[in-house]
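All remarks here apply to the structure that follows.
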Amino acid sequence: MNKADLVKGMAKNANLTQKAAAAALDVILNEIHGVLSEGESIVLPGFGTFKVSFRSPRICKNLKTGEDVMVPAKSVPVFSPAKSLKESVK
C-alpha cells in the first residue's frame, strides 16, 4: 500500500473526498514530524508509540580497507507497535 491507496481508503471509510483525506493525512504526518523533531513521543493506544531514540557514537570497520571508522552519535525515529497491533498481524 502506498500513500495514494491509503488516501483512497481513508476517503471511503470516513465518507470524505480524496482531496480532504489527503489534506488530513498530510496534517497528521506533519504533526508527527514536528513532535518527533522536538524529541517528544506520540502514544496512540491500540496502535503504537512513535519516539526518538539516541544512538551512541561507536567504532565500526570499513569492510574494504579494514580500518576503524568512527560513526557519530545520532537520534533516530523508532516505532513500537502496541500489543493489539502485534496480535492482529499474527
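The values are calculated or read from the model by the stated rules, or taken from the named source; none is laboratory data. Note that the coordinates shown come from a computational prediction; the quantities given were computed from them, not determined experimentally. Neighbour counts are summed over all protein chains in view; Cβ atoms, including those assigned to glycine, are modelled from backbone coordinates with ideal geometry.
Residues in the stretch 51-69 that are polar (S, T, N, Q), in a loop (DSSP other than H, G, I, E, B) and either under 23 Å from the mean Cα position of the chain (by Cα) or modelled with pLDDT of 95 or more (or both): SER56 alone.
In the set LYS8, LYS3, LYS12, only one residue is within 17 Å of the chain's Cα centre (by Cα) and either surrounded by 11 or more Cβ atoms within 10 Å (Cβ to Cβ) or modelled with pLDDT under 95 (or both); that residue is LYS3. Scanning the stretch 37-54 for residues that are under 10 Å from PRO81 (Cα atoms) and either touching a helix residue (DSSP H, G or I) at 6+ places or on another chain (Cβ under 7 Å) or not hydrophobic (A, V, I, L, M, F, W, C) (or both) turns up PRO45, GLY46, PHE47, GLY48, THR49, PHE50. Which residues, counting only those in the stretch 1-50, are in a strand (DSSP E or B) and either of a type in the set (Phe, Trp, Tyr) or more than 25 Å from VAL89 (Cα to Cα) (or both)? Across the stretch 1-50, the qualifying residue is only PHE50. Looking across the stretch 38-81 at every residue that is within 19 Å of ILE28 (Cα to Cα) and touching a Pro at 6+ places or on another chain (Cβ under 8 Å), the one that is surrounded by the fewest Cβ atoms within 10 Å (Cβ to Cβ) is identified as PHE47.
Taken together, the residues in the stretch 70-82 that are more than 20 Å from PHE54 (Cβ to Cβ) and either assigned to a loop (DSSP other than H, G, I, E, B) or at pLDDT below 95 (or both) amount to 1.
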